[in-house]
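The values are calculated or read from the model by the stated rules, or taken from the named source; none is laboratory data. Given the structure is predicted, the values throughout are model-derived calculations rather than measurements. Counting neighbours? That spans all protein chains shown, and the Cβs are built from the backbone with ideal geometry, glycine included.
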């Protein structure tokens, strides 16, 4: 194998590939990246057996071939190289990395030990419009569960409806829902996709069209954008019937500035930490009163301007859920609706009928 490419391209793509490297895995080969020189490209692959990444760099291939090298060490070396052309050459089982002023030799492991990321890409079942990966998933992903005891709650539901995809996440205490415009001809109604895979897609992919492939033989899914593939598997579990928990009406609605509300919640969360992390919202004609009280420390109250429609009301939430919701919804103007202190509270984006974020209240 011998390939010539730009150092900056290698640095960028290697940083992508390292997102699928796990330090906890017991298989030594999984701490490596696979390098394959073929055609006019260098293909870099990585996997921790949960997700896989394959990304392609334009290159001058003088001799095709493949090998694996330690991922983190290779990234450190690549990041230290000058912004110029570099050569990667496999010589007698070692990878020689050379630039105008540097020469590094890395021990390698044969490519045969590296697991295959996918058998075939499968059927293209969806294509999303530009920008939706980051803008939509950022408002959804934080609501998925990080626990593995209930697999369905650690996934994101994709539900196809006409020319849109309804995307839902819940951990049982809160729920985020939005719609993505896109096209799709694949034969699926619902897919449950690991939240981790979508987090990586949101962090790796730039603004641009993203395609989703499904290989039903082994429940494999692939997200693809600009010569980069993210590989994973669907979750085989029953997602909750989320429609049943979404309120169909409300007795109180307030329109509120997200940034001012977030500042108030952050201030009160200082006291909430010492009081079961509870923050109370009092929705009044003159504004929303955000408060938290600690028997050992004292109490804090912040008034936030709002426009209220309907009845005055009061509700209590876990401070962390409020902070995460307000931090992950980028829009400025929000509405908050509720029907009583024991029913869910719902945040919506003004002017966006498709999005909602629901939080279950705390009984006080």
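Observations
- Candidate set: region 5-19, residues that are in contact with a strand residue (DSSP E or B) (Cβ under 6 Å, 6 or more places away or on another chain) and in a helix (DSSP H, G or I); chosen: the one surrounded by the most Cβ atoms within 10 Å (Cβ to Cβ): 17
- Single residue of region 61-109 satisfying the filter (in a loop (DSSP other than H, G, I, E, B) and surrounded by 15 or more Cβ atoms within 10 Å (Cβ to Cβ)) that is nearest to the chain's Cα centre (by Cα): 81
- Residues within region 226-259 that are surrounded by 19 or more Cβ atoms within 10 Å (Cβ to Cβ) and farther than 19 Å from residue 175 by Cα, tallied: 9
- Some residue of region 207-215 being touching a residue at least 40 places away in the same chain (Cβ under 8 Å), crowded, with 16+ Cβ neighbours inside 10 Å, outside the structural domain of residue 52 (by TED's automatic domain parsing) and within 21 Å of residue 325 (Cβ to Cβ): no
- A residue that is touching a helix residue (DSSP H, G or I) at 6+ places or on another chain (Cβ under 9 Å) and within 21 Å of residue 227 (Cβ to Cβ) can be found somewhere in region 100-114.
- Candidates 180, 133, filtered to the one that is in a strand (DSSP E or B) and touching a strand residue (DSSP E or B) at 6+ places or on another chain (Cβ under 6 Å): 180
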